[in-house]
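Reading through the structure tokens given below for one structure.
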Amino acid sequence: MSTILGASRPDPAAYMLRAAGGGAGRAYKQELIELLDVRPGQTVLDVGCGPGTDLPALAERVGDAGTVIGVDHDPAMLAEARLRTAHLPVTDLREGDAHALPVAPGTANRAKIDRVLMHVADPAAALAQLHTATRPGALVGLVEPDWDTLAVDAEDLDTSRAFTRYTTSDVVRNATIGRSLGRLAERAGFVVQTVLTTTPVFRDFEDADHMLGLGRNTQRAIEEGRIDAARGRRWFASLSEGPFYASFTLVTVLCSR
């Protein structure tokens, strides 16, 4: 079992596919798609589609008469998405930024943004773009984490808390975006219909290290003087020694246009 600090950051596409394939990932994604109530013949917009994780499920729901538009700023992600959707002619993949969507106004009947706003420079501007891209009556699903709720069980509780603070303040650009989704959506002109929460739980240390960046971010925190080196290494090593627990909160907001 690896207890190496500073392991390299995982390949982004592989990381996203692994996150979506886990039990918690499958559950909230299925919930989001059900909430969107996608109908045959509709146009669905997936902003930050990544490697195309959700595109096949959306394509199945729109049928032959519909369209699923996937937008991502990363050409490598789009290349992976094209491989995953090569057999799905209703998919339309476009390179573009969430702040300047390559979509005509009033295009989409349904839209989703899943764990993207936590990374963008201006979430409010991205939501304003989404409002422009959707039609009156459209349903929009937003999902983002609140990293302030990250809990890692350890006897050294102070270092667990320091790790969460470092994640929130230095690792993730918009770390508490989950709690703000409803407010930001309403300011963008949407009407909030439903707010739900999901709590992904990690019981496997190796999986949590990969998905939550326990080792690599502890190393960063040590290098930046945010966590004492000896204490941080002891804390990280202790996580693999017994029953493991970590969790955080994902917030899902369903809006109408």
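For this structure, a couple of remarks:
- Spans of helices (runs of 4 or more DSSP H) in the range 204-257 with at least 1 residues modelled with pLDDT of 95 or more and polar (S, T, N, Q): 214-223, 229-239
- Residue match in the range 155-165 (condition: closer than 22 Å to GLY52 by Cα and assigned to a loop (DSSP other than H, G, I, E, B)): no
- Strands (runs of 3 or more DSSP E) contained entirely in the range 51-127, each with at least 3 residues that are on the phi < 0 side of the Ramachandran plot and crowded, with 20+ Cβ neighbours inside 10 Å: 67-72, 108-114
- Residues that are among the small types (Gly, Ala, Ser) and either in contact (Cβ under 8 Å) with a residue 12 or more places away in the chain or in contact with a Cys (Cβ under 6 Å, 6 or more places away or on another chain) (or both) within the range 161-179 comprise ALA162, ALA175, GLY178, listed in sequence order.
- With respect to (1) closer than 21 Å to THR149 by Cβ; (2) free of Cβ contacts under 8 Å to residues at least 60 places away in the same chain, the lone exception for LEU196 is condition (2).
- Considering residues of the range 38-66 that are under 20 Å from the mean Cα position of the chain (by Cα) and of a type in the set (Asp, Glu) only, the residue nearest to VAL116 (Cα to Cα): ASP46
- Under the condition of being in contact (Cβ under 8 Å) with a residue 40 or more places away in the chain and either buried (at least 17 other Cβ atoms within 10 Å of the Cβ) or acidic (Asp, Glu) (or both), the residues counted in the range 234-246 number 5.
- For the range 179-191, the criterion of being in contact with a Phe, Trp or Tyr (Cβ under 6 Å, 6 or more places away or on another chain), outside any strand (DSSP E or B) and buried (at least 17 other Cβ atoms within 10 Å of the Cβ) is met by no residue.
The values are calculated or read from the model by the stated rules, or taken from the named source; none is laboratory data. Note that this is a predicted model, so its numbers are computed, not measured. Virtual Cβ from ideal backbone geometry, glycine too; neighbours counted across all protein chains shown.
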